[in-house]
Amino acid sequence: MKSKLKKGDYIQNISYDSVIFGFNGAQLKILVLEYHNTGLYALPGGFIRMDEDLDEAVKNGVSKRTGLEDIYLEQYHTFGSLSRSDSAAMKRIIMESGSDLMDCEWMFGRFISVGYYALINYEEVSPKPDELSDSINWYPIDELPTLMMDHEEMVTKALQVLRANFENKLIGMNLLPAKFTMKQLQQVHEAILGEKLRRTTFQRKMLSKDILVRHEKLFQGKAHKAPYLYSFK
């Protein structure tokens, strides 16, 4: 079968890989795909067409895998180690997909990969595998399968950058409803940072930042225990 990934259509020796973090209010997960009949697991990635921008290629690739259009994406690192390519693994992936090895020979050399990360609500997503993959699924951050090449390094680096920049980026990530409780906001922080936070200290810190607007109380049970609702300014 002729491959759709023809050499002349793509920029040579440059690719992208995306660490797509998913969060549902309680648990942090990562989107991982498995290639046809190989037992190889990898982050969703791809190549850049001659007629498209890098950011456009990544947004299109992530959108195809998640079905979402409006996604916060950030470029966080470039991976260019001499040891990061694995031609044998790539040949297995191409062979098992039914594509022609000659058509895809350009994919077997060394690639420099630009890393992006995204953070979305995984309950809003029905992941879709691509033509090279058997499946694509969400895995808890501490239960990831063994990833090929340097993809585990990519996850580690993305998590470091996400945690370092999280509070400055939170407003644009659409992880919370328009109005949310302080508990919901704390749960987001705890899941991303990977640690438990003291409630009173966290609330005092958030209120001191002057980024929240307080609204009516959320009445679900006893009136005196109803929490206030907040939104971002």
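Some notes on this structure:
- Residue within segment 58-72 that is of a type outside the set (Val, Ile, Thr), in contact with a helix residue (DSSP H, G or I) (Cβ under 9 Å, 6 or more places away or on another chain), free of Cβ contacts under 8 Å to residues at least 60 places away in the same chain and more than 29 Å from MET95 (Cβ to Cβ) present: yes
- On inspection, THR200 qualifies as free of Cβ contacts under 8 Å to residues at least 60 places away in the same chain, loosely packed, with under 14 Cβ neighbours inside 10 Å and over 30 Å from SER63 (Cβ atoms).
- Candidate set from segment 116-139 (those that are among the charged types (D, E, K, R) and part of a loop (DSSP other than H, G, I, E, B)); member that is nearest to ALA164 (Cα to Cα): LYS128
- LEU82 falls short of the stated requirement of being more than 18 Å from GLU34 (Cα to Cα), surrounded by 14 or more Cβ atoms within 10 Å (Cβ to Cβ) and out of contact with any Leu (no Cβ under 8 Å at 6 or more places or on another chain).
- Selection of segment 183-198 for residues being aliphatic (A, V, I, L, M) and either under 19 Å from LEU144 (Cα atoms) or in the same structural domain as PHE79 (by TED's automatic domain parsing) (or both) yields ALA191, ILE192, LEU193.
- Some residue of segment 154-167 being in contact (Cβ under 8 Å) with a residue 12 or more places away in the chain and either closer than 22 Å to TYR35 by Cα or loosely packed, with under 12 Cβ neighbours inside 10 Å (or both): yes
- Of all residues in segment 86-104, those satisfying the criterion of being more than 16 Å from TYR10 (Cβ to Cβ) and in contact with a helix residue (DSSP H, G or I) (Cβ under 8 Å, 6 or more places away or on another chain) are SER87, LYS91, LEU101.
- Among the residues making up segment 140-163, a single one is at pLDDT 95 or above and assigned to a strand (DSSP E or B): LEU147.
The values are calculated or read from the model by the stated rules, or taken from the named source; none is laboratory data. None of the values given here were measured: they were computed from a predicted structure. Every residue, glycine as well, gets a Cβ built from its backbone with ideal geometry; the counts of neighbours run over all protein chains shown.
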